[in-house]
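Right, one structure below, let's go through it.
The values are calculated or read from the model by the stated rules, or taken from the named source; none is laboratory data. No experiment lies behind these values; they were computed from the predicted model shown. Quick reminder, even Gly has a Cβ in these numbers, built from the backbone with ideal geometry, and neighbours come from all protein chains shown. Heads up: the accessible areas ignore ligands, DNA and RNA and are worked out on the full protein's heavy atoms, side chains in. Shrake-Rupley method; radii C 1.70, N 1.55, O 1.52, S 1.80 Å.
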Amino acid sequence: MAVSDHVDLPTFMEGVNKRNPHQPEFVQAVQEVAEDIFSFIEDKEEYHAQQILRRIAEPDRVVSFRVCWEDDNGNVRVQRGWRVQNNNAIGPYKGGLRFHPSVNESVLKFLAFEQTFKNALTGLPMGGGKGGSNFNPKGKSVREIMRFCQSFMTELYRHIGADVDVPAGDIGVGAREIGFMFGQYKRITGHFTGVLTGKGLEYGGSLIRPEATGYGAVYFLANMLRERGQDLQGKTVVVSGSGNVATHAAEKVVQLGGKVVTLSDSGGFIHDPDGITLEKIQWVKQHKTHRRGRIEDYVAEYTGATYHEGKTPWGVPCDVALPCATQNELLGEDAKLLVKNGCIAVSEGANMPTDLAGVHVFKAARILYAPGKAANAGGVAVSGLEMSQNSERRAWKESELQQMLLDIMEGIHNSCLTYGRQPDGHIDYVKGANIAGFKKVADAMLAFGVV
Ligand code: GLU
């Protein structure tokens with residue numbers, strides 16, 4: 001008789017812990033998923049016998065490499081680069097590249113694991129991957145960034161391909177970095193293919209890709225509110241972050257009638273009780289991305305706003321919170337404070353911004369809580385549409401893409417309803433997203449046998 005994988009959750013997690021020492025973010029992401037999957041597969045023998053969860057929680061491969069580059073003073077600099085290819089059961093590996101000093105193997109493994117479920121939820125044929133480097137773009141000249149991107153791609157190119165693995169942007173990697181990397185890929189291989197997404201419109205990029213993650217997170221929020229017979233009109237919204245995701249999420253909230261009162265960066269947050277209007281958001285976009293400024297400069301520009309150094313915005317009373325900065329930016333205590341102050345909905349624009357304690361607080365309080373793998377899937381979804389357009393060698397119209405993004409976010413919401421509805425009618429979106437994402441990948445893996 002075959003040895004079955006009928007271990008309980010603590011024993012399973014003990015094994016994950018043991019096999020991944022000093023990788024707390026990865027273990028946290030697996031734990032969050034395993035909590036729901038264990039109850040789902042309880043009576044499903046095949047998933048046990050085939051060790052499906054164990055296999056999804058073991059990346060197909062982790063490629064690690066040295067990246068050397070020269071700074072503007074002629075000093076040789078050495079960084080580490082990675083590509084984590086987690087699972088390609090339902091399509092080529094797909095996921096962003098992050099350039100940030102906090103990047104390490106644990107962070108990229110958690111992101112690649114999450115990406116596997118997120119990509120499955122979009123309904124598009126994409127597996128899960130993630131990559132990046134501990135390179136810090138802050139304070140670097142454009143020429144230094146170009147040299148770093150070229151050096152990074154000089155190794156990465158051999159591991160990726162339009163039908164193999166399609167990276168994109170993430171924190172520290174935007175259209176400019178994608179341009180440098182695509183240029184280097186093309187230079188090395190001579191191939192003009194859809195090997196990266198988030199490209200410029202002139203060379204195969206897709207309309208609405210920059211807006212898609214933030215807009216999608218707000219569309220998901222609107223779907224959750226609609227389920228309760230509500231909308232965003234007049235709601236006070238606290239947003240963290242001030243990058244691509246945060247500013248586009250804020251923009252969509254304002255367009256749908258909500259009032260955004262905070263934005264933040266690694267230095268602190270600004271609180272603008274008058275509301276951060278579309279014009280003010282435009283200023284933030286210019287200031288943060290083009291001038292590479294700090295969010296604290298907002299208070300000199302707009303009177304009535306205050307800056308709170310070294311703090312996160314979760315203590316500001318609100319109806320809705322949108323964490324759009326980075327992992328573990330919202331802790332258990334913050335979650336309690338939000339709930340106490342009357343917050344009714346949280347939609348995660350960032351990946352795993354809420355720590356495990358916070359997730360448990362939101363679940364217990366039975367508020368509308370959308371985990372990143374569901375709420376922020378709009379970005380990678382439009383990346384998937386960019387891949388389709390590249391394969392077709394044509395570009396779709398903005399109105400078509402807008403509609404597709406709306407439909408995809410509604411589809412993800414429906415999947416969450418299917419698997420997350422509790423006996424009393426409450427929707428557990430974490431459970432819904434975890435099970436829906438898992439089931440698609442798991443069923444494909446069952447079809448392949450033991451590989
Ligand atoms: N980095 C984004 C994410 O976390 C987008 C990935 C992509 O477009 O491939 O989903």
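Counting only protein heavy atoms and using a 1.4 Å probe, what share of the accessible area of the chain belongs to carbon plus sulfur, as a whole percent?
Values: 9190 of 18110 Å².
For the chain, the apolar C and S fraction of the accessible surface comes to 51 percent.
Determine the principal axes of the Cα atoms in region 247-310, then give the extent along each, sorted from largest to smallest and rounded to whole angstroms.
Extents along the principal axes: 29, 24, 19 Å.
Between region 71-149 and region 335-410, what is the separation of their alpha carbon centroids in Å?
The two parts, judged by their Cα centres, are 20 Å apart.
Once you sort the root eigenvalues of the Cα gyration tensor of region 221-376 as a ≥ b ≥ c, which label holds: rounded (a/c under 1.5), prolate (a/b larger than b/c) or oblate (the other case)? Display every interim value, and only then the final one.
Working: a/c = 1.69, a/b = 1.40, b/c = 1.21.
Taking the square roots of the gyration eigenvalues as a ≥ b ≥ c, region 221-376 is prolate.
If each residue of separation counts as 0.36 nm, what is the full-extension length gain between Thr289 and Lys186 once their alpha-carbon separation is subtracted? Provide the component values of the computation, followed by the final result.
Numbers: separation 103, 0.36 × 103 = 37.08 nm, distance 2.63 nm.
Working it through step by step, the gained length comes to 34.5 nm.
Under the rule a/c < 1.5 gives rounded, and otherwise a/b versus b/c splits prolate from oblate, where does region 87-194 land using the Cα gyration tensor? Can you show the working numbers first?
Details: a/c = 2.23, a/b = 1.30, b/c = 1.72.
The shape class here is oblate.
Could you pull the accessible area for Cys324 with a 1.4 Å probe, rounded to 10 Å²?
Probe radius 1.4 Å; accessible area of Cys324 about 10 Å².
Quick one: if you stick a label point 7 Å off each Cα along the C-beta vector at Leu406 and Glu301, how many nm between them?
In this crude label model, Leu406 to Glu301 measures out at 3.0 nm.
If you rank Trp283, Trp82 by how much accessible surface each has, with a 1.4 Å probe, what is the order from largest down? Write out the running numbers ahead of the final one.
Details: Trp283 40, Trp82 15 Å².
Largest accessible area first, the residues go Trp283, Trp82.
Probe 1.4 Å, all protein chains in place: accessible area of Ser266 in Å², nearest 10?
100
Over region 4-110, what is the mean sequence separation of C-alpha contacts under 8 Å (at least six apart), divided by residue count, expressed as relative contact order in percent?
Working: 94 pairs, mean separation 30.7, N = 107.
That works out to 29 percent.
Amide H neighbours of Tyr369 under 5 Å, counting only residues 5+ apart in sequence or on other chains, H built in-plane at 1.01 Å?
Hits under the 5 Å cutoff: Val346, Tyr429.
Taking only protein heavy atoms into account and a 1.4 Å probe, give the accessible area per residue of region 265-344 in Å². Kindly include the intermediate steps, with their values, before the conclusion.
On the way: 3910 Å² over 80 residues.
Per residue, region 265-344 has 49 Å² of solvent-accessible surface.
Roughly how many debye, to the nearest 20, is the charge dipole of region 287-420 about its Cα centre, given +1 on each Lys and Arg Cβ, -1 on each Asp and Glu Cβ, and no other charges? Intermediate results must be reported in sequence, preceding the final value.
On the way: 13 positive and 16 negative charges, 26 e Å.
That gives region 287-420 a dipole magnitude of about 120 debye.
Apply the Debye scattering formula to the chain, with a single equal point scatterer on each alpha-carbon and no solvent, then give log10 I(q)/I(0) at q = 0.09, 0.14 Å⁻¹.
-0.55, -1.39
Rounded to the nearest 500, what is the chain's calculated 222 nm mean residue ellipticity when only DSSP H runs of at least 4 contribute -39500 (n - 2.57) each, over all residues? Show your work: numbers first, answer last.
On the way: 17 runs with 211 residues, N = 451.
Calculated from helices alone, the mean residue ellipticity at 222 nm is -14500 deg cm²/dmol.
Mean separation of Cα pairs under 8 Å and 6+ residues apart, divided by the residue count of the chain: what relative contact order is that in percent? Could the numbers behind the result be given before it?
Values: 932 pairs, mean separation 68.4, N = 451.
With pairs under 8 Å counted, the relative contact order is 15 percent.
Roll a 1.4 Å probe over the protein chains and send me the accessible area per residue for region 1-106 in Å². Let's see the in-between values first.
Numbers: 5210 Å² over 106 residues.
Ligands and nucleic acids excluded, the figure is 49 Å² per residue.
When DSSP assigns beta bridges and you keep just the ones with both residues in the chain, what percent turn out antiparallel, to the nearest 5?
Values: 27 of 47 bridges.
Taking every DSSP beta bridge within the chain, about 55 percent pair in antiparallel fashion.
Taking every DSSP beta bridge that has both residues in region 263-377, what percent is antiparallel when rounded to the nearest 5?
Working: 7 of 13 bridges.
About 55 percent, rounded to the nearest 5.
Using only alpha carbon pairs under 8 Å that are at least six residues apart, calculate the relative contact order of region 316-451 and give it in whole percent.
Numbers: 177 pairs, mean separation 25.4, N = 136.
Contact order relative to length: 19 percent.
Of Lys235/Lys373; Lys94/Lys363; Lys259/Lys285, which sit over 27 Å apart, Cα to Cα?
Numbers: Lys235/Lys373 24 Å; Lys94/Lys363 29 Å; Lys259/Lys285 18 Å.
Beyond 27 Å: Lys94/Lys363.
If the chain between Asp71 and Gln233 were fully stretched, how many nm would it gain, using 0.36 nm times the residue separation less the Cα-Cα distance? Write out the running numbers ahead of the final one.
On the way: separation 162, 0.36 × 162 = 58.32 nm, distance 4.95 nm.
Full extension of this stretch gives 53.4 nm more.
With the cut-off at 1.5 for a/c, could you classify region 303-451 from its C-alpha gyration tensor as rounded, prolate or oblate?
Working: a/c = 2.12, a/b = 1.39, b/c = 1.53.
In terms of gyration-tensor shape, oblate.
For region 386-451, what does the accessible surface come to per residue with a 1.4 Å probe? Please give it in Å².
49
If r is the Cβ-Cβ distance from His22 to Glu309 and R0 is 35 Å, what FRET efficiency results, to the nearest 0.05?
So, using R0 = 35 Å, E works out to roughly 0.65.
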